[in-house]
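Step one of this worksheet: look at the structure below.
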Amino acid sequence: MTLVVRFILIFFFSTGSVFAEDNKLTARHILTNMIQALRTLNYEGTVVFWRNGRLETMKYFHAVDHGKEQERLVALNSPLREVVRNGDVVSCRYNDTQGVVFDHRPYERSFLVNFSRTLAELDDFYEFSLSGKEDVAMLPAYVIDIEPKDEFRYARRIWVEKLQFLPLKTAVYDASGALLEQVVFTEQHVKAALPFREAGPEAGQANTLAGQAIKDGNTGVLPFTVTDSPAGFRPIYFARKTMHDSHLPVDYLLMSDGLTSISVYKENKSPEMELGLRSVGATNYYSLSLGDYQITAMGEAPPEAVKSIVEGVRLNPPIVQKLQPK
Amino acid sequence: MHEDLIQKISRFLDDELPEDEALSLLQKMRIDSELADKMRRYETVSHAIKNDDLLVAARPDFVSSVSSRIQLEPTYLIPNAERRWIRNRRFTRPQKIAAAAASVAVIALVAHLQRPEPAPNQKMVVAAIKSSAVSTDSAPAPKPVASTIPRASYPVNRQISDYLQAHSSIYTQGEVGFHPYAQVTQYSQK
Amino acid sequence: MKSHSRASEQLDEDLVLRVQQGDKSAYDLLVIKYQHKIVQLVNRYVKDPSESQDVAQEAFIKAYRALGSFRGESAFYTWLYRIAINTAKNYLMSRSRRNVDMQIDVQDAEVYENLPQLHGQETPERELLSREIVETIKSAIAKLPEEMRVAIMLREFEGMSYEEIAQAMDCPVGTVRSRIFRAREAIDSKLNPLLD
């Protein structure tokens with residue numbers, strides 16, 4: 001078959017089949033396919049992250065083999081580093097010092113787009129719509145709008161590649177429509193297989209990582225809880241962390257509605273603490289003083305959301321904790 | 001064709017050539033058809049990348065056709081007063097018409113603008129997103145209004161830095177010499 | 001406001017002023033700068049590459065005639081763009097009056113974006129050539145070295161300035177300039193047999 005004839009056939013059959021399929025697909029279908037593709041395909045590419053006013057380019061890899069998954073980001077700019085997700089654990093190795101840090105994040109599934117609830121559960125808080133088609137990184141994509149149903153969440157848009165249903169671009173917008181955050185592939189390739197990288201804590205270290213995943217909002221015995229949080233936000237993870245090179249722990253509670261996450265921190269008051277509402281990039285944070293402690297809520301959510309959560313924090317009486325301090 | 005000139009065409013296409021050099025380049029293109037053809041080819045490539053189809057370019061004799069017709073038109077002579085008024089006026093930037101390009105251009109602009117005050121009605125967002133969707137001549141997102149929220153700029157204080165790092169797993173906020181909190185003791189791997 | 005886009009607008013402003021002071025050759029330079037954009041724009045409505053040349057020429061002539069009253073309320077290209085669209089719309093209206101089979105609402109030119117098959121458009125040969133050229137360009141891009149591909153994609157797809165790309169790629173602006181230029185040259189070299 002000549003090259004010319006092959007071009008004609010590929011051109012007409014591809015446009016014809018895509019056109020027929022387009023009419024049947026809804027936003028929910030596309031996002032469902034996307035969530036599946038994120039977890040089951042081997043793919044790599046170059047990603048530009050624009051977050052909190054900072055621009056960064058990284059190589060991205062997602063490898064999967066018999067249900068085992070690994071995500072990897074390799075920085076192309078200083079500081080050169082490699083971030084790896086293996087299951088619940090995320091590690092970051094810095095090239096200059098060869099130092100490695102580990103973090104336990106059982107509630108996250110992807111560096112790119114994280115849906116921690118089903119789309120049906122998110123229906124109460126967001127509206128999903130297929131708003132059109134665009135090309136990203138020279139690949140045709142569906143444009144999915146995710147619009148919040150109240151003032152406690154930001155709107156998002158996801159560009160989903162038409163053939164493999166992988167996300168090519170994601171964006172977060174504030175209430176006025178201004179772009180707050182963006183993640184975009186400049187190239188993306190699906191592969192039959194990708195190698196895994198050895199990256200994990202040593203055996204003895206693993207136990208010290210674990211925080212406490214919270215199921216069904218059952219917080220059990222925790223140092224604090226959040227009352228009257230905006231609809232849909234519920235606690236999903238708690239950990240006690242060491243921060244700021246201080247020996248005093250910071251209690252960390254993660255609230256999420258399945259798409260928008262807000263982190264809540266409780267620690268002893270410090271001289272450098274700043275109270276009130278502030279923002280950096282897409283992230284708003286609100287701090288107040290509660291007894292001997294400073295409480296801060298932080299997330300890519302409108303100020304109303306972080307403020308509401310912080311003001312809903314109630315300290316629990318000190319009793320024996322299930323989670324031992326580090 | 002001199003490589004230096006071709007490089008200038010590349011920069012000119014990207015609006016990265018200073019005005020005087022751009023003027024000089026256009027004047028050269030007026031008499032050098034090879035240069036003009038190179039510009040056409042570069043525009044073809046640029047168009048194909050963004051639009052997945054072929055640029056319908058002007059014919060090689062397009063400029064000369066227009067020029068000969070212009071010769072038959074009256075010549076303008078505008079008084080000095082009006083000329084000064086026009087020269088002093090700030091031209092507004094034309095609206096970008098490519099949604100893909102507009103999105104990241106807005107990124108750069110937003111990074112240097114104040115954050116807007118959140119509107120109570122999120123329907124504005126719906127309108128903004130819908131108006132900026134999809135076709136290649138869609139309008140960009142509306143310009144943000146002045147914010148009343150204090151904006152922190154990098155580097156934020158250590159406490160907030162650590163909070164940000166704990167909140168996001170990507171470690172993309174790393175700076176040279178900055179190592180985030182560690183939940184386990186930091187150690188070196190071979 | 002980024003300085004590079006100001007340079008482009010400043011150039012347009014200066015050329016318009018020269019035309020208004022009697023220098024017709026300055027208008028040639030504006031035509032050189034915007035000829036392909038305007039022909040492409042007109043073709044989106046007219047959908048006939050051959051007719052688009054004539055309609056686009058007409059748009060430039062109309063713009064020259066209106067230049068005396070141009071006061072810089074908008075950028076020159078924005079103003080020219082509107083004239084080109086109106087010229088294309090008027091052309092379509094006059095064509096529809098000649099073609100009694102057409103039953104189209106001519107009030108909104110955007111209607112023509114979605115209409116199939118107005119007369120006289122792409123020949124099969126041109127369509128094939130179009131597809132082949134686009135595929136050649138895509139293939140050439142895929143074969144580019146990493147740094148050149150990232151640079152040109154950030155420029156073309158994301159509309160980033162050289163300075164922004166330099167920041168993203170952590171390299172000097174001169175390096176970005178060179179990468180984008182070399183990328184274009186590499187792609188262009190693959191197009192030689194198709195475009196000549």
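The table that follows gives values for the structure above.
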| quantity | calculated |
| --- | --- |
| So C:Leu41, is it surrounded by 22 or more Cβ atoms within 10 Å (Cβ to Cβ), modelled with pLDDT under 95 and assigned to a helix (DSSP H, G or I) | yes |
| Near pairs, Cβ below 6 angstrom, 6+ apart or cross-chain, from the stretch C:161-190 (more than 19 Å from B:Tyr42 (Cβ to Cβ)) to any residue that is among the hydroxyl-bearing types (Ser, Thr, Tyr) | C:Ala168/A:Thr57; C:Val173/C:Tyr162 |
| Elements of type strands (runs of 3 or more DSSP E) contained in the stretch A:69-182, each with 1 or more residues being farther than 29 Å from A:Gly232 by Cβ and touching a Phe, Trp or Tyr at 6+ places or on another chain (Cβ under 9 Å) | A:81-86, A:89-94, A:99-104, A:126-136, A:139-148 |
| Test: residue in the stretch C:49-70 that is touching a Pro at 6+ places or on another chain (Cβ under 9 Å), facing chain B (nearest Cβ under 9 Å), of a type outside the set (A, V, I, L, M) and crowded, with 19+ Cβ neighbours inside 10 Å | no |
| Helices (runs of 4 or more DSSP H) enclosed by the stretch B:12-83 - at least 2 residues per element that are hydroxyl-bearing (Ser, Thr, Tyr) | B:33-51, B:62-71 |
| Failed item in (1) at the interface with another protein chain (Cβ under 10 Å from one of its Cβ atoms); (2) closer than 21 Å to C:Glu146 by Cβ, with A:Phe61 passing the rest | (1) |
| When residues of the stretch B:24-39 are limited to those that are surrounded by 19 or more Cβ atoms within 10 Å (Cβ to Cβ) and without any contact (Cβ under 8 Å) to a residue 24 or more places away in the chain, the one farthest from the other protein chains (Cβ to nearest Cβ) | B:Leu25 |
| Residue identified as crowded, with 22+ Cβ neighbours inside 10 Å and over 30 Å from C:Ala142 (Cβ atoms) among A:Val101, A:Val143, A:Val89 | A:Val101 |
| Selected residue (only one of A:Glu151, A:Glu161, A:Glu134 is within 16 Å of A:Ile30 (Cα to Cα) and within 11 Å of chain B (Cβ to nearest Cβ)) | A:Glu134 |
| Enumeration of residues in the stretch A:102-157 that are more than 24 Å from C:Val150 (Cβ to Cβ) and hydroxyl-bearing (Ser, Thr, Tyr) | A:Tyr107, A:Ser116, A:Thr118, A:Tyr126, A:Ser129, A:Ser131, A:Tyr142, A:Tyr154 |
| Residue list for the stretch B:48-67, restricted to those being surrounded by fewer than 17 Cβ atoms within 10 Å (Cβ to Cβ) and either more than 7 Å from chain C (Cβ to nearest Cβ) or of a type in the set (A, V, I, L, M) (or both) | B:Asn51, B:Pro60, B:Asp61, B:Ser64 |
| Checking A:Lys149 against (1) without any contact (Cβ under 8 Å) to a residue 40 or more places away in the chain; (2) crowded, with 21+ Cβ neighbours inside 10 Å, the condition it does not meet | (2) |
| Members of the stretch C:46-72 found to be of a type in the set (Asp, Glu) and not in a helix (DSSP H, G or I), listed by number | C:Asp48 |
| Every residue from the stretch A:282-307 that is at the interface with chain B (Cβ under 8 Å from one of its Cβ atoms) and either without any contact (Cβ under 8 Å) to a residue 60 or more places away in the chain or buried (at least 20 other Cβ atoms within 10 Å of the Cβ) (or both) | A:Thr283, A:Asn284, A:Tyr285, A:Thr296, A:Met298, A:Gly299, A:Pro302, A:Pro303 |
| Tabulated pairs, the stretch B:1-18, first facing chain C (nearest Cβ under 7 Å) and touching a residue at least 12 places away in the same chain (Cβ under 8 Å), second buried (at least 21 other Cβ atoms within 10 Å of the Cβ) and of a type in the set (Phe, Trp, Tyr), C-beta under 6 angstrom, 6+ apart or interchain | B:Ser10/C:Phe181 |
| Answer residue from the stretch A:31-51, given it is crowded, with 20+ Cβ neighbours inside 10 Å and more than 20 Å from C:Gly159 (Cα to Cα) and is nearest to the chain's Cα centre (by Cα) among those | A:Leu38 |
| Some residue of the stretch A:60-83 being at pLDDT below 90, among the aromatic types (Phe, Trp, Tyr) and either in contact with a Ser or Thr (Cβ under 8 Å, 6 or more places away or on another chain) or not assigned by TED's automatic domain parsing to the domain that holds A:Phe238 (or both) | no |
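The values are calculated or read from the model by the stated rules, or taken from the named source; none is laboratory data. Since this is a predicted model, take the numbers as computed values, not measurements. Glycine also receives a Cβ, built like all others from the backbone with ideal geometry; neighbour counts cover every protein chain displayed.
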